[in-house]
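For reference, the structure is listed below as structure tokens.
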Amino acid sequence: MILHNRTFNTMAKTLRLFLLPVLLMCTFVAAQAQNVSWTNEVKDLGDGNYRIVLTAQIPDRFHMYDMGPYDAMGPNATIIKATPVSGARIVGAPQAITAPHRYYDDIYEMEIGTYEGTAQFAQDVQLTAPEAEVTVYLEWMICDDTSCLPLSDDEITVKISGTPSAEAVAAAETEAQASTTDETVATTDAATATVDAPKDAAGSGSLWSLIIEAIIWGFAMLLTPCVFPMVPMTVSFFMKGSGSPARGRFNAFMYGVFIVLLYTLPIAAIILITRFVGGDAVTADIFNWLATHWLPNLIFFLVFMIFAASFFGAFEITLPSWMVNKSDSKADNKSLGGIFFLALTLVLVSFSCTGPIVGSVLIKSTSGGEFWSPIITMFAFSVAFALPFTIFAFFPSMLKNLPKSGGWLNSVKVVLGFIEVALGLKFLSVADQTYHWGILDREIYLAIWIVVFTLMGLYLLGKIKFAHDSDMPYLGVGRLLLAIITLSFVVYLIPGMWGAPLKGLSGYLPPLTSQDYVVTQGGGGTGTAAATDQILTVDGKTPRHSDFLHLPHNLQGFFDLKEAEAYAAKVNKPIFIDFTGHGCVNCREMEARVWSDPQVLSILRNDYVILALYADDKTVLPEDEWVTTESGKVLKSLGKINSHYALTTYGVNAQPYYVLQGRDGKILVEPRGYDLDVNNFVNYLKSGLEAFKNQQ
């Protein structure tokens, strides 16, 4: 069958790559324009009492839910939390001024309240100083009759000037004295817990895997229709237009150097500038935002889908002709400047093929690595990409062995399109796991992959034909081998629909705990129901956050440090602290390839209290658990608080990172990171147990 769309052909005349970021940003702005806008005013109630009035302007057709509260099966209630920064005390809870429209909802099977148009809320405060400042955290969701926008949040700062009340001043002084005492005790405890804590970084093994992956992609780009035809043209340009073969080789070498610089220097400059201006914390925040926030992940997902459509032949994505022509016009001379612009022309022309791969390499390298990981991986990619040009320039006779350009290049492009669809799902999956949307569970993810790679196998066999494909009178051996590999991969994926671990893909798939149905060794059951009895806290309660966070392999443990420490003291066991993340590829690989070992599982299940601290979870904690950093920034989400704890206590911002903690918060042995050697991990756990016995 032929996949063709005339509408997309028309789009090809107008769509250009430089418009893509603008279009995506416009989409985001349009979505924001449809969302709620908040304003605030302050009313003087007398005697040092003031009221902050918050007004929500809800767009037409949409409704916003009231403040609830609702249980887990209900809608997302509007949340308002006020926190005094200085000069004020919070009086009572926030209240709704506007009465919601209440009705019984058949979908939620409960009575709910909603607002349309405008809604007002109030929070009373007392001034303890003439100048006060209060931050108000807002969280809400709006829906129309058919769908809902993603859960939104914002934080506004309200400044109040007035005369404080004597009663409020006296109460504030009393609270300040008590707070000083508590902070002194807490600081002493923290200092005790972190004495002699190792400060080495995690993830060294993962960096090498990123470098190898970047090199493979760099070489693979040579076979794309954007790059392959330029190899003989470029080599011929250097050998014939440089006066001598030696000069031609030098120019070709510099050509490769400029390609590497054009790919590496921009990302290096951005990272180093943010690091210089804001330090490690700002760079880490940027990386964390890129890797885990829903907005960049959805944008990357959409970019991958758009590039995949382009690879399938729906339309062509190119940079604006004036940009390429201007660069090309300056490449006519044989000076170093001309060679630089020739390299720039190659980078610009080939971007429609290399762009999504470059983006994938960069984003993956920001997840759980050091600040320089993207620089190193991009350097590895660009060296592999530029190397063929230099090699063929040094040995031009090798050009005779290259296949001629032809329809096979379009086939490579289509195959890349299928791979783009599969890889792009990872970004949507990260957002889904981090925000607990539940729209891309493991079996849905696998179902899409099975369909995508089945279609890819049929395409390689010639059963599917796209608009720009050449006629294929017979099936070549190469295509047959690729089809066999692809369809074998599909067969490998199918058992995953019933819970097979698929260890080789553990870093790319959603966790097994997100799968609804898993066939167990005992004959059947769901993934969570087959677990052992749920562990309980020392006061007999279910561990905090266990309703949406889970451990692999039916292991039982905790997701809150205090609960884990209390339980460990009760049962007299050390704590295995796992700094992990929903979007951490290497964490999933460790769990699938190392934790799954029977000896490792036995030690973890029987000899340790397991504590998993997610560094990218977006769940907002109660106000009394928020953490204020030294710079005055208030951390409210579970992930940010856990990440801050890892950075301030152990000096790392990488996942996975494993810490074995004994009594009184003492570190038993040197923490470790990503390492797929099972024996090393077993020895690590055993050495921790030995050190724990020596503490007695």
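Bear in mind these aren't lab numbers, they're just calculated from the coordinates by the rules spelled out. Everything numeric here is computed off the predicted structure, so don't read it as measured data. No Cβ is skipped: glycine too gets one built from the backbone with ideal geometry, and neighbour counts run over all protein chains shown.
Name the trypsin sites (Lys or Arg not before Pro) in the range 410-494 that are in a loop by DSSP and that have at most 11 other C-beta atoms within 10 Å, would you?
Working: sites: Lys413, Lys426, Arg442, Lys463, Lys465, Arg479; in loops: Lys463.
Loop-located and lightly packed - Lys463.
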**Report entry** P(r) histogram, all alpha-carbon pairs of the range 35-168 included - 10 Å bins from 0, percent
**Finding:** 12, 41, 28, 15, 5, 0
Report summary line: With R₀ set to 45 angstrom, the calculated FRET efficiency between the beta-carbons of Thr98 and Asp677, to the nearest 0.05, is 0.15
Report summary line: For the table Lys426/Lys573; Lys570/Lys640; Lys503/Lys640; Lys159/Lys541; Lys570/Lys633; Lys43/Lys640, the rows whose alpha-carbon distance is greater than 31 Å are Lys426/Lys573; Lys159/Lys541; Lys570/Lys633; Lys43/Lys640
**Report entry** Whole-number percent relative contact order across the range 441-530, with pairs defined as alpha carbons under 8 Å at least 6 apart
**Finding:** 33
Report summary line: Cα extents of the range 94-142 along the principal axes, largest first, in whole Å, come to 50, 19, 18
**Report entry** Compactness relative to 2.2 N^0.38 Å, alpha carbon Rg of the range 441-530
**Finding:** 1.37
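Please give the FRET efficiency for Thr157 paired with Ile439, using the beta carbon to beta carbon distance and R0 = 30 Å, rounded to the nearest 0.05. Display every interim value, and only then the final one.
Values: r = 34 Å, r/R0 = 1.13.
It comes out at approximately 0.35.
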Requested in this report: Treat every Asp and Glu Cβ in the range 35-168 as -1 and every Lys and Arg Cβ as +1, leave all other atoms uncharged, and give the resulting dipole magnitude about the Cα centre to the nearest 20 debye.
Outcome: 460
Query raised in the report: How high is the FRET efficiency from Val627 to Val451, r the C-beta distance, R0 60 Å, rounded to 0.05?
Result: 0.85
Report task. Calculate the tail of P(r) for the range 552-695: the fraction of all Cα-Cα distances greater than 27 Å, expressed in %. Result -> 19
Requested in this report: Describe numerically, in nm with one decimal, the distance between label points set 7 Å from Cα along Cα→Cβ at Thr55 and at Ile79.
Outcome: 2.7
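Note the full-extension length gain between Trp498 and Gln599 as 0.36 nm times their separation in residues minus their Cα-Cα distance, in nm to one decimal. Don't jump to the answer; show the numbers that get you there.
Details: separation 101, 0.36 × 101 = 36.36 nm, distance 2.49 nm.
Answer, rounded to one decimal: 33.9 nm.
Grab the Cα-Cα distance for Met398 and Asp539, subtract it from 0.36 nm times how many residues apart they are, and report the gain in nm with one decimal.
Numbers: separation 141, 0.36 × 141 = 50.76 nm, distance 7.38 nm.
Using 0.36 nm per residue and subtracting the Cα-Cα distance, I get 43.4 nm.
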Requested in this report: Figure the gain on full extension for Trp208 and Ile485 (residue separation times 0.36 nm, minus the Cα-Cα span) and round it to one decimal in nm.
Outcome: 97.1 nm
